[in-house]
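S.K.: I'd like to ask some things about the structure below.
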Amino acid sequence: MMKVLLTGFEPFGGYPINPSQLLIQSLPDQYLGMTLVKQILPVHHKQGPQKMLTFLKSHQPDAVIAFGLASGRAQISLERVALNLLDFSIADNAGVFVENQPVVPNGPTAYFSTLPLQAMQVALTAEGISSELSLSAGAYLCNQVFYTLMHEIASQDLSTPAGFIHLPNTPEQAAQSTTPIPSLHLEVHIQAAYILISQLGSLN
Ligand code: PCA
């Protein structure tokens, strides 16, 4: 049975919740004949990427989708590129602020997502969910975990489809914000996740 590793992040940046965590927690253990392994990553410059590596090693997944929150984005963002760059705009949950450093010293500049992003976008659109192909996952924890994931797969010479999806805020988060920000109901995030996962089934 195909095994899919799905990750979300704990809350950060002053928000009490992270839609990527709530999303992961709401998914079942099996879907469309696939085993779903669900894990939460810390927003921590060392433990975030380390945990991703541990989960890859212990679960040996056939595909990986990592999820995170991109505050202020209006659509589900299908990230195309992981950059070898850390340049935090806010501190991580340990209060550490990393500026202008590589994720992996001497690693390649970037990796492309190996998820079927175009097919995923078509499938989301067909279900009435707005998405975009995004050129940058930023230079914070999400990009760090995305790069770490792609670098590990490349280093092991694996062909595991893997990538990163950024999510908008929830309406509850938007309501707490002092500036107006776009949002998407958690139910829609969850529906989007099912659609994204279903696209992995067609890879085998
Ligand atoms: N979003 C942050 C890190 C954790 C998360 O959910 C980011 O976009 O880097």
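S.K.: Residue 177 versus (1) open to solvent by less than 10 Å² (accessible area, probe 1.4 Å); (2) among the small types (Gly, Ala, Ser); (3) modelled with pLDDT under 95: which is the lone unmet condition?
M.R.: Going through (1) open to solvent by less than 10 Å² (accessible area, probe 1.4 Å); (2) among the small types (Gly, Ala, Ser); (3) modelled with pLDDT under 95 one by one, residue 177 breaks only (1).
S.K.: Given the structure, is residue 188 more than 16 Å from the ligand (Cβ to nearest atom), free of Cβ contacts under 8 Å to residues at least 60 places away in the same chain and open to solvent by less than 50 Å² (accessible area, probe 1.4 Å)?
M.R.: In short, yes.
S.K.: Based on what the data block shows, is residue 199 at pLDDT 95 or above and more than 16 Å from the ligand (Cβ to nearest atom)?
M.R.: Yes.
S.K.: Can you tell me which condition residue 87 does not meet? The list is (1) touching a Gly at 6+ places or on another chain (Cβ under 8 Å); (2) of a type in the set (D, E, K, R); (3) farther than 24 Å from residue 2 by Cα, and all the others hold.
M.R.: (1)
S.K.: Out of the range 13-51, which residues are outside any loop (DSSP other than H, G, I, E, B), under 21 Å from residue 173 (Cα atoms) and more than 9 Å from the ligand (Cβ to nearest atom)?
M.R.: If the condition is that a residue be outside any loop (DSSP other than H, G, I, E, B), under 21 Å from residue 173 (Cα atoms) and more than 9 Å from the ligand (Cβ to nearest atom), then 22, 23, 24, 25, 26, 40 are the ones that fit.
S.K.: Considering only the range 4-12, I want to know if a residue exists there that is surrounded by 15 or more Cβ atoms within 10 Å (Cβ to Cβ), more than 10 Å from the ligand (Cβ to nearest atom), farther than 20 Å from residue 159 by Cα and under 14 Å from the mean Cα position of the chain (by Cα).
M.R.: Looking for residues that are surrounded by 15 or more Cβ atoms within 10 Å (Cβ to Cβ), more than 10 Å from the ligand (Cβ to nearest atom), farther than 20 Å from residue 159 by Cα and under 14 Å from the mean Cα position of the chain (by Cα), one finds none in the range 4-12, hence no.
S.K.: Hey, which of the strands (runs of 3 or more DSSP E) in the range 72-171, taking only ones fully inside, have at least 3 residues that are touching a residue at least 24 places away in the same chain (Cβ under 8 Å) and open to solvent by less than 50 Å² (accessible area, probe 1.4 Å)?
M.R.: In the range 72-171, 76-79, 162-167 are the strands (runs of 3 or more DSSP E) which contain 3 or more residues that are touching a residue at least 24 places away in the same chain (Cβ under 8 Å) and open to solvent by less than 50 Å² (accessible area, probe 1.4 Å).
The values are calculated or read from the model by the stated rules, or taken from the named source; none is laboratory data. Quantities reported herein were computed from a predicted structural model and do not represent experimental measurements. Every residue, glycine as well, gets a Cβ built from its backbone with ideal geometry; the counts of neighbours run over all protein chains shown. Accessible surface areas use protein heavy atoms only, side chains included; no ligands, DNA or RNA. Shrake-Rupley method; radii C 1.70, N 1.55, O 1.52, S 1.80 Å.
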